[in-house]
Amino acid sequence: EKGGWPSFMAKEIDEDPEAVANTLRGRVQHDTVVLPDLDALGDDYFTGIDRVVIVACGTAAYSAQVGVYAIEEWSRIPSVVELAHEFRYRNPVLTERTLVVSMSQSGETMDTLMAVRYAKERGAKTLSICNTQGATIPRESDAVVYTHAGPEVAVASTKAFLAQITALYLLGLYAAQVRGTLDAERRAELLTEFQTIPEKVRTVLDVRPRIRELANWMADTRSVLYLGRNVGYPIALEGALKLKEIAYIHAEGFAAGELKHGPIALIEPGQPVFVIVPSPRHDDTLHPKIVSNIQEIRARGARVLAICEAGDAAVLPYADEVIGVPPTEPFFEPLLAVVPLQVFAIELATAKGLDVDQPRNLAKSVTVE
Ligand code: M6R
């Protein structure tokens with residue numbers, strides 16, 4: 001079933017492009033998002049809500065964190081992510097105007113299921129975004145939007161993450177369409193670009209041999225840090241999680257702006273740091289800030305591994321490795337930037353001789369609280 005790949009995880013990373021394409025399929029018609037799955041929530045549902053809360057754990061929570069930037073920006077609905085296991089232990093404010101979205105690949109994660117039940121009891125509507133047809137969470141929710149990443153076997157989630165972000169972006173664009181918060185021309189532009197993403201992800205996968213060399217060379221590394229801003233921040237967290245879970249290496253993701261509030265003290269000569277750099281073309285605020293973060297850590301001896309738009313000249317002089325990704329809209333950058341980080345984790349774990357599909361102490365779906 002591994003189709004010639006050495007592991008399910010390697011095969012599933014190779015399926016990143018299709019995960020996006022299949023989750024989009026049939027849901028975009030010209031300049032319109034079509035999501036009949038949401039009809040179950042009721043007519044004009046999205047005009048009447050005043051808050052979106054996404055509950056999830058692990059990688060699913062990081063995809064949700066990417067998603068809320070876009071949902072809030074496009075639909076202007078205040079949106080937050082909450083770890084499912086924290087949510088129901090703090091008496092959250094929930095009304096019938098709150099949409100509680102659960103994000104789960106398996107649809108069986110107990111913490112997430114309990115959060116959904118809690119939300120229902122408290123009168124909120126529930127929407128499940130799930131990769132597994134007929135799983136418990138979608139069955140118990142008011143509506144469901146399936147991600148179509150295909151079965152994910154490896155414990156470390158990869159292609160499902162891209163499908164989850166795709167589904168949340170569709171949800172954000174749909175809500176914006178219903179609420180009239182994004183002009184049609186801009187929506188059309190975004191949807192056109194969205195459909196090019198599977199091909200761009202495929203291009204990014206070409207970096208595999210280079211990252212293998214990098215990982216072989218770094219097999220003895222004891223700690224790796226990841227920095228990002230805005231939608232790059234949850235990508236930093238996700239990159240770090242991948243490395244912890246399959247390569248058993250200490251890894252931490254930070255919002256780059258937090259550096260000087262503490263983490264920069266960790267930087268010593270030789271410390272590898274991945275930096276997720278937003279494209280300079282769209283953004284004259286974040287890009288220079290990230291470049292100055294890079295300069296700050298480089299001045300303290302960090303080994304900078306930059307993931308940036310191919311040809312970003314501002315990064316070149318300060319980075320030890322530059323992993324270029326094709327240009328795209330800022331909101332789609334996470335779908336490209338995460339891929340080299342997935343590849344880095346699997347290559348480092350492989351270099352250490354570990355079983356990447358079945359990391360120690362972990363289960364694919366966590367069905368206990
Ligand atoms: O099946 P779910 O999406 O609900 O699983 C949530 C987490 O347990 C899961 O994403 C976990 O963090 C993965 N092992 C990450 O690779």
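The set of residues in segment 54-69 being away from the ligand (no atom under 16 Å from the Cβ) and of a type outside the set (Phe, Trp, Tyr) consists of Val68 alone. The C-beta contact set for segment 151-168 (first residue more than 18 Å from Ala240 (Cα to Cα), second residue within 8 Å of the ligand (Cβ to nearest atom) and of a type in the set (A, V, I, L, M, F, W, C), distance under 6 angstrom, 6+ apart or interchain) comprises Glu152/Ala160; Gln164/Met103.
Here's the yes/no breakdown for (1) in contact with a helix residue (DSSP H, G or I) (Cβ under 6 Å, 6 or more places away or on another chain); (2) within 24 Å of Lys159 (Cα to Cα):
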site	(1), (2)
Asp44	no, no
Arg88	yes, no
Leu113	yes, yes
Leu127	no, yes
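On the basis of being modelled with pLDDT of 95 or more and under 19 Å from the mean Cα position of the chain (by Cα), does Glu268 make the cut? Lay out the reasoning, then the answer.
Working: modelled with pLDDT of 95 or more: yes; under 19 Å from the mean Cα position of the chain (by Cα): no.
When the stated conditions are applied, Glu268 does not pass them.
What pairs come up if the first residue lies in segment 279-301 and is touching a residue at least 40 places away in the same chain (Cβ under 8 Å), the second is aromatic (Phe, Trp, Tyr) and part of a helix (DSSP H, G or I), and their beta carbons are under 8 Å apart, counting only those six or more places apart or on different chains? Pairs found: none.
For segment 238-264, residues that are under 22 Å from Pro288 (Cα atoms) and open to solvent by 10 Å² or more (accessible area, probe 1.4 Å) total 10.
Please note which strands (runs of 3 or more DSSP E) are completely contained in segment 1-119 and include at least 1 residues that are without any contact (Cβ under 8 Å) to a residue 40 or more places away in the chain and surrounded by fewer than 19 Cβ atoms within 10 Å (Cβ to Cβ). Steps first, please.
Values: elements: 51-56, 79-83, 98-104.
Filter on segment 1-119 gives 79-83.
Only one entry in Leu170, Leu190 is open to solvent by less than 10 Å² (accessible area, probe 1.4 Å), over 18 Å from Val277 (Cα atoms), out of contact with any strand residue (DSSP E or B) (no Cβ under 9 Å at 6 or more places or on another chain) and of a type in the set (A, V, I, L, M), namely Leu190.
Return the total of residues in segment 92-117 being more than 24 Å from the chain's Cα centre (by Cα) and either among the polar types (S, T, N, Q) or within 16 Å of the ligand (Cβ to nearest atom) (or both). Before you say what the answer is, go through the steps one by one.
The first filter runs over segment 92-117 and keeps only residues more than 24 Å from the chain's Cα centre (by Cα), leaving 92-97, 117.
Now drop any that are not either among the polar types (S, T, N, Q) or within 16 Å of the ligand (Cβ to nearest atom) (or both), which leaves 95, 117.
Total satisfying the criteria: 2.
Looking across segment 335-369, the residues that are farther than 16 Å from Val153 by Cβ and of a type in the set (Asp, Glu) come down to Glu347, Glu369. Of the set (1) within 18 Å of Val231 (Cβ to Cβ); (2) part of a helix (DSSP H, G or I); (3) away from the ligand (no atom under 12 Å from the Cβ), all apply to Leu182 but (2). I'd like to know if segment 205-215 contains one or more residues that are in contact (Cβ under 8 Å) with a residue 24 or more places away in the chain, in contact with a strand residue (DSSP E or B) (Cβ under 9 Å, 6 or more places away or on another chain) and among the β-branched types (Val, Ile, Thr). Yes.
Here Ala167 meets each of (1) touching an Asp or Glu at 6+ places or on another chain (Cβ under 9 Å); (2) among the small types (Gly, Ala, Ser); (3) modelled with pLDDT of 95 or more with one exception, condition (1). Only one of the numbered conditions (1) of a type in the set (Val, Ile, Thr); (2) under 18 Å from the mean Cα position of the chain (by Cα); (3) more than 16 Å from the ligand (Cβ to nearest atom) is not met by Val339, and that is (3). Note on segment 120-152: among residues that are hydrophobic (A, V, I, L, M, F, W, C) and more than 10 Å from the ligand (Cβ to nearest atom), the one that is surrounded by the fewest Cβ atoms within 10 Å (Cβ to Cβ) is Ala143. Residue count for segment 200-223 under the criterion of being over 18 Å from the mean Cα position of the chain (by Cα), in a helix (DSSP H, G or I) and at pLDDT 95 or above: the result is 10.
The values are calculated or read from the model by the stated rules, or taken from the named source; none is laboratory data. Since the structure is predicted, the reported quantities are computational estimates derived from the model, not experimental observations. Glycine gets a Cβ as well: all are built from the backbone with ideal geometry, and neighbour counts include every protein chain shown. Heads up: the accessible areas ignore ligands, DNA and RNA and are worked out on the full protein's heavy atoms, side chains in. Shrake-Rupley method; radii C 1.70, N 1.55, O 1.52, S 1.80 Å.
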